[in-house]
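J.: Okay, handing you the structure first.
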There are 2 protein chains.
Amino acid sequence: MARPKKFDEAATLQKALQVFWKKGYAGTSMADLVKAMEINAPSLYDTYGDKQKLFLTALQTYLRSQHDWMNDVSTKDIPVKETIRLLLNTLVEDTLNDPEKKGCFMVNTVTELANVDEKILAVAADNEKQVQSILQNLIRKGQANGEISSDKNPEILAAYVFTNLMGVRVVAATNSDKKLLHAAMEIVVSSL
Amino acid sequence: MARPKKFDEAATLQKALQVFWKKGYAGTSMADLVKAMEINAPSLYDTYGDKQKLFLTALQTYLRSQHDWMNDVSTKDIPVKETIRLLLNTLVEDTLNDPEKKGCFMVNTVTELANVDEKILAVAADNEKQVQSILQNLIRKGQANGEISSDKNPEILAAYVFTNLMGVRVVAATNSDKKLLHAAMEIVVSSL
DNA sequence: TTAGTTTTGTATCGATCATTACAAAACAAC
DNA sequence: GTTGTTTTGTAATGATCGATACAAAACTAA
C-alpha cells in the first residue's frame with residue numbers, strides 16, 4: 001500500500017544503542033546517530049520519535065537482553081554459588097574485553113540522568129527490582145538446597161550482590177587487572 | 001597594580017563543581033556555569049580556562065576533599081572494621097541525604113568520560129590507586145592487630161571494598177532503602 | 001592625578017544543536 | 001498504468017553551543 005522502509009528497524013536500533021552506550025545521552029548528537037544508523041534524519045524521527053524516545057527505546061532493548069541473559073544463566077543446572085560466580089565473572093570479562101570500554105549502559109544512564117529525569121529514574125528502579133528478584137530467587141534456591149544458610153536474609157544478600165554487580169562495572173572501567181577483579185568477586189561468592 | 005577580581009576564586013569554583021556534579025560534563029553548558037558562578041563568561045575563561053580545564057579543576061578539587069575525608073576517618077583511633085564500616089555507611093547516608101541525588105562525582109565522571117577521554121581515565125586510575133592505598137593500609141593495620149586474618153591478601157580485600165564503595169554510590173541513586181543498604185554494607189565488613 | 005594593568009559587561013562570533021518542510025522517489029493496490 | 005501512501009534525500013529552520021573582541025570601568029603604583 002506504500003513505499004517500504006529500506007532498513008531493518010531492529011538492527012538500526014542496535015546501532016543507535018551502541019552510540020548512546022558509548023557516548024551517553026547528552027554526549028550523543030542527532031548527527032552522530034544519523035551517521036551511525038545510516039538513515040536520514042526524517043526516517044529516524046518518523047520511525048523512532050525524537051532523541052529522548054529513541055534513547056528510552058534503546059535502553060529498554062538493552063535491559064531486556066541483559067535480563068534474558070541473567071535468566072538464562074540462572075536456569076542452568078549448576079550450584080547457586082556457581083551461578084552467581086558466573087554472573088559476576090562474566091561481567092568482569094565482558095567489561096574488560098570490550099575494546100570501547102563502554103561499561104554498563106544502565107549504570108552509565110543512572111549516573112548521568114537518574115537525578116534529573118524521572119522517567120529514567122523509574123526505569124532504573126524497575127530494573128533494580130527485576131534484577132533483585134532474580135538474585136533473590138537464586139539465593140532462596142541456595143537456601144533450599146543447603147548451599148546458603150537459611151539464617152541469612154535473601155533480600156539483603158541480593159542487595160549485596162547487586163551492589164557488587166554495579167560496582168564491578170565501574171571499577172573495570174579504570175582497573176583492568178583481571179585477576180584482581182576475579183579475586184574480589186570470589187570474596188563476594190564466598191561470603192554468601 | 002591592577003583591578004582586582006570581584007569574586008572569590010575558590011568559592012566560585014565550588015559553584016561550578018556543583019553544576020558539573022549534578023548535570024555531568026556534556027549536560028552542562030557554559031551558560032549554566034556563567035549563571036551558577038555569577039560571573040561573566042570572559043571572567044570565567046580568564047580565570048579557569050575553557051570548559052575542559054574548568055571541569056578537570058573541579059574534579060581534582062572534589063577528589064582532594066574526598067581523599068582528605070577518607071584519610072581523616074582512617075586515622076581515627078577505632079578498630080579497622082569500624083573504620084571501614086564508617087566509610088561505607090557515611091557514603092550511604094551522604095548519597096541518600098543529598099536532595100539533588102548527585103551520587104559520586106568521580107563515578108559519574110568515569111561512566112561518562114573515562115572511555116572517551118584519556119586525561120579523565122588517567123585521573124580515575126590515579127584516584128583508584130590512592131583510595132586502594134588507603135584501604136590497603138587499613139587492612140594491613142587490621143591484620144597487624146589481629147582483626148583481620150593475615151592469610152588474606154590485602155590487595156584483593158582492598159579491591160573488594162573499593163568495588164563496594166563504587167557500587168553503593170550507584171545503587172543509592174535508585175534505591176533509597178537505607179536499612180537495606182546498611183545491611184548490605186554490613187556483609188562487606190563482616191566478610192573481611 | 002596620571003599611567004599602566006586587569007577585570008568587567010555587552011554583544012557577538014561561527015559552529016553545532018535537535019528538529020522539520022518540502023518535493024522527488026518508490027512502492028502497493030487496483 | 002494510474003492512484004494513493006509512505007519513505008527518502010536535501011536543505012534549512014531557530015535555538016543553543018563554546019568561546020571572544022572590544023571598550024568602558026576599576027583598581028594599584030608612582
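Read-outs: derived from the displayed coordinates by stated rules, not from any lab. The model shown is predicted, which means the values in this text are computed figures rather than measured ones. Cβ coordinates were reconstructed from backbone atoms using ideal geometry, including for glycine residues, and neighbour counts include every protein chain displayed.
J.: Report the normalised scattering of chain B as log10 I(q)/I(0) at q = 0.08, 0.09, 0.18 Å⁻¹, calculated by the Debye formula with identical scatterers on the alpha carbons.
T.: -0.32, -0.40, -1.21
J.: Debye calculation, C-alpha points only, no solvent: report log10 I(q)/I(0) for the range A:1-89 at q = 0.15 Å⁻¹, in the same order as the q values.
T.: These q points yield log10 I(q)/I(0) values of -0.65.
J.: With an 8 Å Cα cut-off and a minimum separation of 6 or more residues, compute the relative contact order for the range A:67-160 in percent.
T.: On the way: 52 pairs, mean separation 26.3, N = 94.
Normalised by residue count, the contact order of the range A:67-160 is 28 percent.
J.: For the range B:37-50, what does the Karplus curve 6.51 cos²θ - 1.76 cosθ + 1.60, with θ = phi - 60°, yield as ³J(HN,Hα) per residue in whole Hz, taken in order and with x for Gly and Pro?
T.: Here the 3J(HN,Hα) series is 7, 6, 9, 8, 3, x, 5, 4, 5, 5, 8, 10, x, 7 Hz.
J.: Here's something else I'd like to know. Where does helix B:154-174 land angle-wise versus the long Cα axis of chain B, in degrees 0 to 90, nearest 10?
T.: Roughly 60 degrees between the two axes.
J.: Let me ask another. Return the calculated 222 nm mean residue ellipticity for the protein assembly as shown, to the nearest 500 deg cm²/dmol, obtained by summing -39500 (n - 2.57) across DSSP H runs with n ≥ 4 and dividing by the residue count.
T.: On the way: 18 runs with 286 residues, N = 384.
After summing the helix terms and dividing by residue count, I get -24500 deg cm²/dmol.
J.: Any idea what the A:Gly146 label distances to the other copies are, label 7 Å down the Cα→Cβ vector, nm, shortest first?
T.: Its label point is 3.6 nm from the equivalent points in the other copies.
J.: Per residue and in Å³, how big is the convex hull formed by the alpha-carbon atoms of the range A:11-59? If you can, show how the numbers build up before the last one.
T.: On the way: hull volume 3.0 nm³, N = 49.
Dividing the Cα hull volume of the range A:11-59 by its residues yields 60 Å³.
J.: Taking 7 Å along the Cα-to-C-beta vector as the label spot, tell me the B:Gln60-A:Glu155 distance in nanometres, rounded to one decimal.
T.: 4.6 nm
J.: Mind jotting down the distance between the C-alpha centroids of the range B:1-73 and the range A:115-154, whole Å?
T.: The two parts, judged by their Cα centres, are 39 Å apart.
J.: What list of whole percents do you get for P(r) of the protein assembly as shown, with Cα-Cα distances grouped in 20 Å bins up to the one holding the largest distance?
T.: 26, 55, 17, 1, 0
J.: For each of B:Glu155, A:Glu82, B:Glu118, count neighbouring Cβ atoms within 10 Å of the residue's Cβ, then give the residues from fewest to most. Let's see the in-between values first.
T.: Numbers: B:Glu155 16, A:Glu82 13, B:Glu118 10.
Ascending Cβ contact count within 10 Å gives the list B:Glu118, A:Glu82, B:Glu155.
J.: To the nearest 20 Debye, how big is the dipole of the protein assembly as shown about its Cα centre, given +1 on the beta carbon of each Lys and Arg and -1 on that of each Asp and Glu? Present the calculation step by step, with values, prior to reporting the outcome.
T.: Numbers: 46 positive and 48 negative charges, 102 e Å.
That gives the protein assembly as shown a dipole magnitude of about 500 debye.
J.: Given points 7 Å out from each Cα along the Cα-Cβ axis, report the A:Ser176 to A:Ile78 separation in nanometres with one decimal.
T.: The answer from the label model is 2.6 nm.
J.: Can you sort A:Ile78, B:Ile84, B:Ile120 from fewest to most other Cβ atoms within 10 Å of each residue's own Cβ? Mind showing how you got there, number by number?
T.: Working: A:Ile78 10, B:Ile84 25, B:Ile120 22.
Ascending number of Cβ neighbours within 10 Å: A:Ile78, B:Ile120, B:Ile84.
J.: Between helix A:9-23 and chain A, what is the angle of the helix's C-alpha long axis to the longest principal axis, kept within 0 to 90° and rounded to the nearest 10?
T.: So the inclination is approximately 70 degrees.
J.: Pull out the extension gain between A:Met30 and A:Tyr45, defined as 0.36 nm times the separation in residues minus the alpha carbon to alpha carbon distance; nm, one decimal.
T.: On the way: separation 15, 0.36 × 15 = 5.40 nm, distance 1.01 nm.
So the extension gain works out to 4.4 nm.
J.: Give a residue-ordered list of calculated ³J(HN,Hα) values for the range B:139-152 (Karplus: 6.51 cos²θ - 1.76 cosθ + 1.60, θ = phi - 60°; whole Hz; x for Gly, Pro).
T.: 3J(HN,Hα) across the range B:139-152, in whole Hz: 5, 4, 4, x, 6, 5, 9, x, 6, 10, 4, 6, 5, 7.
J.: Tell me the relative contact order for chain A as a rounded percent, counting alpha carbon contacts under 8 Å between residues six or more apart. Before the final figure, lay out the partial values.
T.: Working: 148 pairs, mean separation 45.2, N = 192.
Dividing the mean separation by the residue count of chain A yields 24 percent.
J.: Please list, in order along the range A:99-108, the HN-Hα scalar couplings obtained from phi with the Karplus expression 6.51 cos²θ - 1.76 cosθ + 1.60 (θ = phi - 60°), rounded to whole Hz, x for Gly and Pro.
T.: Each residue's phi maps through the Karplus curve to give x, 8, 6, 7, x, 9, 4, 5, 4, 4 Hz.
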